[in-house]
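Laboratory data are not the source of any read-out in this text; all were calculated from the coordinates shown. Source: prediction; values computed, not measured. Here the Cβ positions follow ideal geometry from the backbone for every residue, glycine too, while neighbour counts run over all protein chains shown.
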Amino acid sequence: MSDATPRRVRACRATDLVHGQMVVVPLTRVRDYIPREALVTRDDSGRIVAYRNECKHLPIPIDGMTRKFFDKEGTHLLCALHGARYRVNDGQCISGPCRGASLEAVALEFDGDEVFVIDELVNGAAGPT
Ligand code: FES
């Protein structure tokens with residue numbers, strides 16, 4: 001019998017995370033050849049948010065593994081392949097081929113100053129990256 005408790009993965013210290021910064025947190029992989037990651041950042045109001053690093057147009061990392069996540073203005077998340085732009089505050093795509101769709105939100109937990117993402121995938125996975 002498997003343990004169905006979601007895994008809590010440390011992301012960063014909240015006080016170290018500044019606006020415009022991105023913290024990439026490896027999550028449990030489903031397929032060995034595609035990374036599964038959470039992106040943790042701050043929105044314009046300063047709230048910490050987290051999304052899966054997976055475009056809603058095609059199931060690939062939005063940065064195409066360039067580790068560049070924002071558009072040139074630094075105001076939206078940008079998919080490197082076809083240019084979909086996502087709002088930081090709610091993950092919704094505002095332009096590009098998947099307009100109207102939203103990045104998958106990743107749950108966060110806070111323990112004092114420590115920020116954790118909740119990796120909901122615990123069954124049938126290949127193991128942590
Ligand atoms: S794969 Fe992201 S916009 Fe096409």
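For a paramagnetic label modelled on Ala107 (point 7 Å from Cα along Cα→Cβ), amide N atoms under 20 Å away belong, within the range 40-83, to 40-41, 48-54.
Classify the chain as rounded, prolate or oblate from the Cα gyration tensor: take a ≥ b ≥ c as the square roots of its eigenvalues, call it rounded if a/c is under 1.5, otherwise prolate when a/b beats b/c and oblate if not.
On the way: a/c = 1.97, a/b = 1.20, b/c = 1.64.
It is oblate, given that a/c is not under 1.5 and a/b is not larger than b/c.
Computed over the chain with a Gaussian network model linking Cα atoms closer than 10 Å, the most mobile of Gly91, Gly74, Gly112 is Gly112. Stretching Ala14 away from Thr66 to a fully extended chain increases their span by 16.3 nm, per 0.36 nm per residue minus the current alpha-carbon distance. The residue among Leu77, Val18, Pro97 whose Cα reaches farthest toward the positive pole of the charge dipole of the chain, with charges on the beta-carbon of Lys, Arg, Asp and Glu, is Pro97. Contact order normalised by length for the range 33-100, with contacts defined as Cα pairs under 8 Å and 6 or more residues apart; what percent is it? In percent, rounded to a whole number, it is 21.
Could you give the dipole magnitude of the chain about its Cα centre, charging the beta-carbon of Lys and Arg +1 and that of Asp and Glu -1, in debye to the nearest 20? If you can, show how the numbers build up before the last one.
Values: 17 positive and 18 negative charges, 82 e Å.
Around 400 debye, computed over the chain.
With contacts defined as alpha carbon pairs under 8 Å and 6 or more residues apart, what's the relative contact order of the chain in percent?
On the way: 280 pairs, mean separation 40.6, N = 129.
Relative contact order comes out at 31 percent.
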